Amino acid sequence: MKKTLRINQTAIELDLEPDTPLLWVLRDEAGLTGTKFGCGIAQCGACTVHLDGKPVRSCSLPFEAVPENAEIRTIEGLGQSRLHPVQQAWLEEQVPQCGYCQSGQLMAAAALLQDNPQPTDSQIDQAMSNICRCGTYPRIRKAIRRAAELQTQEA
Amino acid sequence: MKIENISRRDFFRKTGVTAGAFALAFSFPATPKRALAAQGESDFIATWLQIDEEGLVHLWIPASEMGQGSLPSLAQILADEMEADYERIRALTAPKGDAYKNPMFGMQATGGSTSVRAWWNPLREIGANVRMMMIEAGAQKMGVRPSDCRAYNHRVVHSSGKSVDYAEIVSIAAGLSVPEKVALKERHEHRYIGKAMPRVDLPAKVNGSAQFGIDVDLPELLVATVMTSPAFGGELESMDQEAAMKVRGVKHVVEIPNGVAVVATGYWQAQKGLRALNPSFQGGASKGMDDAQIEVALRKDADNGKAVPAHVSGDLATGRQKAVQSLEMEYQVPYLAHSTMEPMNATAWVTKEFAKIWAPTQAQTPSVMIASGISGLPPEKVELNTTFLGTGLGRRFEGDFIQQAVLISMKIGGKPVKVVWSREEDMRHDFYRPQALSRFRVDLDQSGMPVAWENRITTPSIFSRVFPGMVKGGLDRAAVEGAAKDADYELPNQHTEYVLHESPIPVGFWRSVGHSFNAFFMESAIDEAAHASGSDPYDYRMRVMKTPRLRKALEMVAEKANWGSAPTGIFQGIAAHSSFGSFVAQVVEVSLPGENQIKVERVVCVADCGTYVNPQIIQMQMEGGILFGLTAAAFGDINFEDGAVKQGNFDSYRMVKQKEVPTIEVYVMDNYEEGPGGFGEPGVPPIAPALTNALFAATGNRVRSLPLSKQGFELV
């Protein structure tokens, strides 16, 4: 199946089996390894990317279900010229430990803040369903609040 | 320790580093010079710290980074002692090399919360050498006496005020000999050590550029995925190779020990190939076993197995003469998976001439031996590069995934291959935290003090497989750690014994190892003793505690948590445990929002890790250890059916998520009288008992078997 995707604002022509999950399109075809494989069944969120601005779990989204010319944004495209507020906040709060789930956490957090620029703690808890085995959750919560501030300052 | 200025050797061209840079190699008595010489230049190349002509400092850090903060902590030590500008250091995980052997292990490996403890002195000494050599070089450059100069923030500063940057003097330093003796900095001179410096590994972890094992890429790299017998030790019975080879992208089907690998152009293609291959298996040591049988076998050993003493003091019968009450208690914990966030993987390229491996591993020396054994290549022909680890948790101390990668590369004609496991393979082929059963009889006198302490721990032995030489007379010390002589309480007439339970289920090191269950057993038993004698659990612990540093941590946690004054509807539990050279006390506060529902509202944690490098990294490890232990206490339970693990993914093996995460307050004690303690593991042991002790305070229900989900409690 042939299709053109716009990945981090670059058009890429692909010819792949229709059932190939977007995750492996990104990692194995586009060479963008920042997006991670954790479970393969949309449970852990390590593979979270933005599809036309919305967060999706790319391990469970087949190539055939991705619309032609869809805009895909991965961690590599999140803060291209300078750090995105969530990345800035993640460093300020020293969130990551092993770092493996953090691309997915950052993409989920960026999507949350786009939707809801001032989320409450309970909205953060509901929106952030990604798994972190290191237990960085308390810092993620703080960093999202900090990113909300940074985003307001920028606006 | 021997340190050598190797700047003038001609290997720079080989490594692509410009000549003229300054570089130090170092070796230790444990790894004699002879060994380095015998292994030739390639080993020397692996053993250095380098300052390039721009003055950028490259540090090769001798510990795997799996989230625990060893890489940034060790970089911080070096940067401080050498007076580097923190912005101008670059830290990488060291490749395989004898000089990187962990002085506490005698081999290159990361575990046991040892990195800072093992490397604190050697790395300070190396840093101090660099500082002294830079002062000497700077003095030469400025034409002044070294004794009138000092190093500060990447510069050598003369008493007159003039100064030079390290970048301007690297070529002079490259020609100097290493000082015979160096003075380490005094505590008040430290600029990074002891401070919450930002972790040097984090920028790459927020932009997707950090390289994990699963991200390794090489020209012509193929990707393999595997399936091994669901029953441990079973063999491949049948498969449809033709169907697998028809799948687009599939290149090879390769048999491996106890299973099969499909090799393809990418992971998805390999998975599809594996599905088409549809392998079936037969036999296996665990074949036919289910939870009920496993439980019966464990209890049989607890009742009648051969018990060996782990610690004996005084005499039980004599002690019991003073007793006014006697508590008999039985505690139990299940098998647990590691579930590292990054599934098992490794990349190998093995030819007749060399083996090159890239892997997220905690165990470099054993991995090299494995690769050498399979390939027949001598160890010096085996190159091993350690990537970042998407958590290790002890699972990556094993070499099974490396063995597979080496074997598959050989079987496909010496081509590079990356083996990547599915989550299901990862969960079903772990080396599990062993199940354990602990029986107590605790006798208390009139005042409630223990007068006789009898404890039998029945659990499989990890060391019997990993390092059999460490099991003496049937006693595996890891199985009784935290409950034997090292128990934190004054226990007169103590009789603690161990029964080695043989089981076909593979067991391994799981963050905090034996402490992960013995702390639950001991801190529950002590809590029961407190209640039985009508004492407050905190007061009781203070009366019985023998470990002075843990007593101080306990005192501080009670104060910080406002012990005994919880608001209405909030119930507190307390626990304290020492492990890996550190002392940790925790108070858990819970509420009960609905029937059988439990909400963890707050955890207050005090840690005495002695002298610390970075208090924030310790805080992070305590937070992470608490949530790791909370996940296990609330949900962790690996079950078996027909000899195979039932759980396969995160839908059936739950992890704590954001909405269940309590407020966590961590206080790191200032204790510079003592050397550094571990911090990757000690946060784990106290959380389960602190939680169940809180649950007892709330409900009167004493949870003696984990997880809570099995007891009908739901974490909300």
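Just so it is clear, none of the values below were taken in a lab; they were calculated from the coordinates. Note that the structure is a prediction, hence the values are computed from the model and not measured. Here Cβ is always computed from backbone atoms with ideal geometry, including for glycine, and neighbour counts include all displayed protein chains.
At B:ALA196 and B:VAL296, where each label point lies 7 Å from the Cα along Cα→Cβ, what is the point-to-point distance in nanometres?
Taking the two extended label points, one gets 5.6 nm.
Give me a single rounded figure for B:650-660: the average over its residues of other chain Cβ atoms within 10 Å of their Cβ.
Values: counts 9, 4, 1, 1, 2, 6, 5, 9, 17, 9, 2.
Average neighbour count from other chains, rounded to a whole number: 6.
Need one number: nm distance between label points at B:ARG187 and A:SER129, each 7 Å from Cα along Cα→Cβ, rounded to one decimal.
About 5.0 nm, to one decimal.
What is the set of long-range amide H partners of B:TYR489 at a cut-off below 5 Å, with H atoms built 1.01 Å from backbone N?
For B:TYR489, whose amide H was placed from the backbone, the distant partners under 5 Å are B:LYS546.
Return the sequence-ordered ³J(HN,Hα) values of the range B:120-126 in whole Hz as given by the Karplus equation 6.51 cos²θ - 1.76 cosθ + 1.60 applied to θ = phi - 60°, using x for Gly and Pro.
Each residue of the range B:120-126 in turn: 3, 6, x, 6, 5, 5, 4 Hz.
At 7 Å along the Cα-to-beta-carbon direction for both B:ALA243 and B:THR265, put a label point, then send me their distance in nm to one decimal.
Taking the two extended label points, one gets 2.3 nm.
Please work out the Cα center distance from the range B:161-188 to the range B:391-469, rounded to the nearest Å.
Between the Cα centre of the range B:161-188 and that of the range B:391-469, the gap is 46 Å.
Give the residue from B:ASN493, A:GLN94, A:GLY40 lying farthest towards the positive end of the charge dipole for the protein assembly as shown; charges sit on Cβ (+1 for Lys and Arg, -1 for Asp and Glu) and the dipole is referred to the Cα centre.
Positive-most Cα among the choices belongs to A:GLN94.
Mind running the shape call on the protein assembly as shown? Use the C-alpha gyration tensor, a ≥ b ≥ c as the square roots of the eigenvalues: rounded below 1.5 for a/c, prolate if a/b tops b/c, oblate otherwise.
Values: a/c = 1.41, a/b = 1.14, b/c = 1.24.
Since a/c stays below 1.5, the shape of the protein assembly as shown is classed as rounded.
If you take the square roots of the eigenvalues of the alpha-carbon gyration tensor of the range B:372-438 and sort them as a ≥ b ≥ c, do you get rounded (a/c under 1.5), prolate (a/b over b/c) or oblate?
Working: a/c = 2.13, a/b = 1.83, b/c = 1.16.
Since a/c reaches 1.5 and a/b is larger than b/c, the shape of the range B:372-438 is classed as prolate.
For B:VAL157, B:VAL584, what's the fewest-to-most ordering of other Cβ within 10 Å of each Cβ?
Values: B:VAL157 19, B:VAL584 33.
Going from least to most buried by this count: B:VAL157, B:VAL584.
Decide, for chain B, between rounded, prolate and oblate: order the square roots of the alpha carbon gyration tensor eigenvalues as a ≥ b ≥ c, take rounded if a/c falls under 1.5, and otherwise choose prolate if a/b is larger than b/c, else oblate. Please report the intermediate quantities before stating the final value.
Numbers: a/c = 2.01, a/b = 1.21, b/c = 1.65.
Judged from the Cα gyration tensor, chain B comes out oblate (a/c at least 1.5, b/c at or above a/b).
Compute, for the protein assembly as shown, the length of the dipole vector about the Cα centre, with Cβ point charges of +1 (Lys, Arg) and -1 (Asp, Glu) only. Units Debye, rounded to 20. All intermediate terms of the calculation are to be shown ahead of the outcome.
Details: 87 positive and 100 negative charges, 251 e Å.
In debye, rounded to 20, the protein assembly as shown gives about 1200.
Just in the range B:543-649: which GluC sites (Glu not before Pro) are loop by DSSP and have at most 10 other Cβ atoms within 10 Å?
Details: sites: B:GLU555, B:GLU559, B:GLU589, B:GLU595, B:GLU601, B:GLU623, B:GLU641; in loops: B:GLU595.
Those satisfying the criteria are B:GLU595.
Please give me, ordered by residue number, the GluC sites (Glu not before Pro) of the range B:293-356 that lie in loop per DSSP and have at most 10 other Cβ atoms within 10 Å.
Details: sites: B:GLU295, B:GLU328, B:GLU330, B:GLU353; in loops: B:GLU353.
Filter output for the range B:293-356: B:GLU353.
Using 1/(1 + (r/R0)^6) with R0 = 60 angstrom and r between the beta carbons of A:ASN69 and B:ASP303, what's the FRET efficiency to the nearest 0.05? Don't skip to the end; give the middle numbers.
Numbers: r = 69 Å, r/R0 = 1.15.
Taking R0 as 60 Å, the efficiency between A:ASN69 and B:ASP303 is 0.30.
What chymotrypsin sites (Phe, Trp or Tyr not before Pro) in the range B:583-678 are in a loop by DSSP, with at most 16 other Cβ atoms within 10 Å of the Cβ?
On the way: sites: B:PHE583, B:TYR612, B:PHE628, B:PHE635, B:PHE640, B:PHE650, B:TYR653, B:TYR667, B:TYR672; in loops: B:TYR612, B:PHE635, B:PHE650, B:TYR653, B:TYR672.
Those satisfying the criteria are B:TYR672.
How much net charge surrounds B:GLY643 when only the other residues with a Cβ under 9 Å from the Cβ of B:GLY643 are counted, with Lys and Arg +1 and Asp and Glu -1?
On the way: positive: B:LYS287; negative: B:ASP290, B:GLU641, B:ASP642.
Result for the neighbourhood of B:GLY643: -2.
Convert each backbone phi in the range B:49-60 into a coupling constant with the Karplus relation 6.51 cos²θ - 1.76 cosθ + 1.60 (shift: θ = phi - 60°), then list the ³J(HN,Hα) values in order as whole Hz, x for Gly and Pro.
10, 9, 10, 8, 5, 7, x, 6, 9, 9, 10, 9
How large is the dipole of the range A:2-77 about the Cα centre if only Lys and Arg carry +1 and Asp and Glu carry -1, each at its Cβ, rounded to the nearest 20 debye? Kindly include the intermediate steps, with their values, before the conclusion.
Working: 8 positive and 11 negative charges, 68 e Å.
The dipole of the range A:2-77 has a size of about 320 debye.
Could you size up the charge dipole of the range A:12-131 around its Cα centre, putting +1 on the beta carbon of Lys and Arg and -1 on that of Asp and Glu, and report it in debye to the nearest 20?
On the way: 6 positive and 16 negative charges, 81 e Å.
Dipole size: approximately 400 debye.
Shielding by partners for B:620-626, please: the mean number of other protein chain Cβ atoms within 10 Å of each residue's Cβ. Could the numbers behind the result be given before it?
On the way: counts 9, 3, 1, 7, 10, 2, 2.
Across B:620-626, the average partner-chain Cβ count within 10 Å equals 5.
Rounded to whole Å, give me the distance from the Cα center of the range A:1-60 to that of the range A:66-95.
15
What are the ³J(HN,Hα) couplings of the range B:174-184, residue after residue, when phi is run through the Karplus curve with 6.51, -1.76, 1.60 and θ = phi - 60°? Round to Hz, x for glycine and proline.
4, x, 8, 8, 6, x, 5, 9, 10, 9, 6
To the nearest Å, what is the center-to-center distance of the range B:326-381 and the range B:511-573, using C-alpha atoms only?
With the range B:326-381 and the range B:511-573 each reduced to a Cα centre, they are spaced 37 Å.
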